[in-house]
Structures are given as structure tokens and as C-alpha cells.
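The values are calculated or read from the model by the stated rules, or taken from the named source; none is laboratory data. Note that this is a predicted model, so its numbers are computed, not measured. Cβ placement follows ideal geometry from the backbone for every residue including glycine, while neighbour counts extend to all protein chains displayed. Ligands, DNA and RNA are stripped out before the accessible areas are found, and what is left, the full protein with its side chains, is counted by its heavy atoms. Shrake-Rupley method; radii C 1.70, N 1.55, O 1.52, S 1.80 Å.
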Amino acid sequence: MDYEILFKKINNKQAKVGVIGLGYVGLPLALLFVKKGFYVTGFVRNRERLEILKKGKSNLLDLQVTKDFKKAVLKRNLSIKVTNPKDLSTSDILIVCVPTPVTSDKMPDLSDLKKVASCLSKVDLSGRLIINESTVAPFTTRDLFGGFNGGYFLACSPERIDPGNKTKKTNNIPKVIGGVNKQSLVLAKSLYEQIMNNTLVEVSSLEAAEMAKMLENTYRAVNIALVNEFARLSEKIGIDILEVINAAKTKWSFQVHFPGVGVGGHCIPVDPYYVLKLAKGKNVGMKVVEEGLAENEEMPSFVAEKIEKEYRKGAKVLVYGITYKKDVNDIRESPVIVLCNILKKRNIEFSVYDPFVSEEIVKSLGFERGQLRKVDIFVVGTDHSVLAKDYRKAIGKDSIVIDGRNYFIEKVGKKVLGIGRNLW
Ligand code: SAJ
């Protein structure tokens, strides 16, 4: 199939779309294509995942996605397969949305992407369009997907989903797109135009698109680190960091970030390590990035110190919230889990309560699940919205609060020790 035929099939919605990876990025994207009238095949890594999804279940919290998904599966305009060359070859367009985490020693882990590449190498790709949405450092898309046989098209459009965000959705977040050549860029752009009413930002190459994602997430990590540093100094000199941030944000060029127990998730603490590896390979120093990541990784210990200072043997300690950010059920790279493991190492007894995390997951992490009842030390690990109700059951007038997310604006309990601010 050549360019004109594919272009026409995209624009009359006849092109068959394959989405490889049906997680928090791939599933909403697949459903958007279904909703806009495309026939979609979703590809998953194994039968177990297939069975869960076939029952219309997904582990995504976004109830709307789950509802749309059940409808799509039942209406049969979304079929789900385990990734394999034969079924991949039934799609005209293949969008790669698989995880790109880091290993325990903070090195890029491209294993999922490489599995997809090896499958694609067994497909006759001529006339098809491949788009990589997975987050990678520059040259990765070209290295992994640019060398197959046959005349095919290749683009990169890094995902920008914000899990748990009720307003920023797949179809309204500006999207950066780069192509291996002009035709690939035009095909990818026209594809996204069919399903999105947001800004499509064309860049001149695959690498520019990959680097934009690296910059935007590293920018966030480093700026969170900056405000964490200012919070530690503010605390030493008795200034309230939130007051300082609220004042600074009146300056047009200051973008607000907040100090906290640390930086978690599968993006912000992860993506910068991809660009660091590339920089190291090119002998380019990026010490601002390195120091920023180290600063963020220090925050759980900073909070553990506060808890240790207040702790007495036999005290009842409850850590509230262990997910990486509020109102999500995702514990990946959660700084609160790092904090809890530090407390264990220091023989500080505690239990954990998170309304979004099951008791079996809490236990699998090696922690005790606690109850919402009066405690001596209440630690805010994650400031879930429901904390507004829950805290009253656990914080008594003599409770000491260690507020890892500067959640409490007014004093509660005996005192509130925050990050860069204290409420006596
Ligand atoms: N965090 C802070 N201080 C802040 C902001 C966040 O400590 O000022 C912590 C959070 O508690 C969390 C971590 O950093 O542990 C990451 O927070 P996040 O709001 O960036 O959450 P993510 O990882 O879901 O970020 C997503 C990202 N989206 C993509 O990478 C596609 C990120 O690029 C977005 O900037 C972010 O959503 C967003 O803007 O909400």
C-alpha cells in the first residue's frame, strides 16, 4: 500500500489501527479510535492480560475508560490479541504504547520495546505506518523501528497522559509529532487529526520529538528538586515555603512546583535517566539533572528523620497513602514506599493505610495495614482527596502530624511538621 492509498484510508477512517500496549496510554487511545469510527486491534503482552481485558476489566481507575471499554469490546469494534506477527499484519497502522521503565540501577529498560521490535521485524510492513508513543531518548525510535525491510512509514509522538487528571485527556493534550520523513509526518498528523481536537505540534525529526518529551519531564523533575532544596532551607530559617511559593508565583516567569516526600510515578523520576544515559554516551555532562534527581531521591530520608525525632518506642504510627500521587492507585516508584522501608530499617513500627491500595498489596510490600483510628504519629504520604474526611478519625488532639505533602493548611493535632513549614 503506498502513501496515497494509506492517506485516503486514514481520512475515510477505513485504515485498520493496531495499538500495541493497552495500559494507561494505549487503552484510552484505542477507545478514542473506536469512538471515532476506526476498527481497532489492541495488542497485549500475554494471555493473562488478554483474559482480564476480554472480561471488559482494566486496572485503570478511570471509570469512563472502563465503561467505554466494556461497550467497545461487547460491540466487537475492538478486538484484543496477544502480540504476534500474523495479527500485527492485519493493521495498516501500528501505534506502540508500551512501558519504558528503568532498572533497579536506574538504567533505561527497553525490554518491552525490543520485544515489539522483534515481532514487527517478522511482519511485511510495506505501506504501513508505525508510530512510537513510548517515552525514549533520541535515536531510540530510529534504532529500534527504523531498520525493517519494505517501504513503510515511521513517526514518533511521545505520550503526554496525566493519570488521574479529570480535565487533561488523550484528545485534548497538545501532541508533538516527528517523522522519519515528510510523508510519515503527514500521515501521522492526519491520523491524529481524525481523533483529536487538540494542537498537533510538528517537529522536524523523530529525535526532536523524543527530545521534547525528555526536556518537558526533566524540567519538571529538576524544578521539583529546586523547590525541595528551598523547602529544606526555609525550614532551617523558620520561613513557610508555601507562603514563599504563593508569593513567587505572582512573577510571570515562575512556574509553581511543590516540595514533598519525593517524586514518584513512571514518568518524572524515570525519564531523565534516559537522557542522562544518552548524554553520558556522548560525553556531555548534565550535573543539574543528576543533582536534581539525587535531591528528589533524598526526600524520603528527610521525612524519615522527622518521624524518628518524634518517635518513642510503642508509639502508634500510621502512614496515610502510599501511591505515587493523589487519587491514583499506582505505586510505581512511590517515594512513600521508600520512606516506609527506611522506617523499617530504623526499627520504627508503623502501619499503612491507603484507600486506593488493597490489603494484599500492602502486605506484599512487607507492611502492616492499619486502621483509621487515633494514632500518636500521623504521616501524610499521599494527599488523596478523601484525606479531608479520613484524617479526623486518626488525628487526635495529641497526635503529631508529619505532613509529607504539606496538605494541612491549618494546625491539626498537637503540631504539624511539614516540608519547609511547620504548624504549631
Ligand atoms: N510532585 C512533587 N511536586 C510537584 C509536582 C509533583 O513532588 O510540584 C511529585 C508527585 O507527588 C509525584 C511525582 O512528582 O510523586 C510526579 O508527579 P506528576 O504530577 O508529574 O505526575 P505524573 O507522573 O502522573 O506526571 C504526568 C506526566 N505526564 C507524562 O509524562 C506524559 C508529566 O509529564 C506531567 O507534567 C504531569 O502528568 C502533569 O502535568 O500533571
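If you filter region 275-311 for trypsin sites (Lys or Arg not before Pro), then keep DSSP loop positions with at most 16 other Cβ within 10 Å, what is left?
Lys282
Given H placed on each backbone N at 1.01 Å, which residues far from Leu200 in sequence or on other chains put an amide H within less than 5 Å of it?
Under 5 Å from the amide H of Leu200: Lys175.
Suppose every Lys and Arg Cβ carries +1 and every Asp and Glu Cβ carries -1, with no other charges. What dipole size does the chain come out with about its Cα centre, to the nearest 20 debye?
Dipole about the Cα centre, nearest 20: 1260 debye.
Counting Lys +1, Arg +1, Asp -1, Glu -1, what net charge surrounds Gln14 among other residues with beta carbon under 13 Å of its beta carbon?
It works out to a net charge of +4.
Calculated from DSSP H runs of 4 or more alone, at -39500 (n - 2.57) each and per residue, what is the 222 nm mean residue ellipticity of the chain, nearest 500?
That comes out to -12500 deg cm²/dmol.
Per residue, how large is the accessible surface of the chain? Use a 1.4 angstrom probe and give square angstrom.
47 Å²
Could you work out how far the C-alpha centroid of region 106-135 sits from that of region 403-422, in angstrom?
A separation of 46 Å, based on Cα centres.
Output the DSSP H helices from the chain with an along-axis C-alpha extent of no less than 24 Å and a mean Kyte-Doolittle hydropathy no less than -0.5.
Going by DSSP H runs, the hits are 206-237.
Give me the net charge for the shell around Asn198: Cβ to Cβ below 11 angstrom, other residues only, Lys and Arg +1, Asp and Glu -1.
Here the charged neighbours net out to +3.
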